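Right, one structure below, let's go through it.
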Amino acid sequence: MTYRLKYGTGTEAVHDAMPPAESEQLALALAAACEDPIGATEVYGEDDGVVRMLATEHAIAVLLVGQVTKTLTVLQLSYTG
């Protein structure tokens, strides 16, 4: 089942400010995570299936997986350039 993507405070601005190629790479990775939040992401801290990490070549995102609400929220986004 597809999850709906949401951005936390300030994270969408980071994504918007990324160079086009890196932004597209992140967008594709986030789309894959919306299709399979556990399979397309990595453990972040304790493997609770709720907080996950998504890493691309130039970005690292911390995600909150809302199992009940079927949402994937970008809590933190770092552009590593």
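Computed quantities for the displayed model
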item	result
Strands (runs of 3 or more DSSP E) within the chain that include 2 or more residues without any contact (Cβ under 8 Å) to a residue 24 or more places away in the chain	51-55, 59-66
Any hit, region 41-49, residues being surrounded by 17 or more Cβ atoms within 10 Å (Cβ to Cβ) and of a type in the set (A, V, I, L, M)	no
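A short reminder: the numbers here are calculations on the coordinates, not readings from a lab. None of these values were measured; they are calculated from a predicted model. FYI the Cβ positions are ideal-geometry reconstructions off the backbone, even for glycines, and counts take in every protein chain you see.
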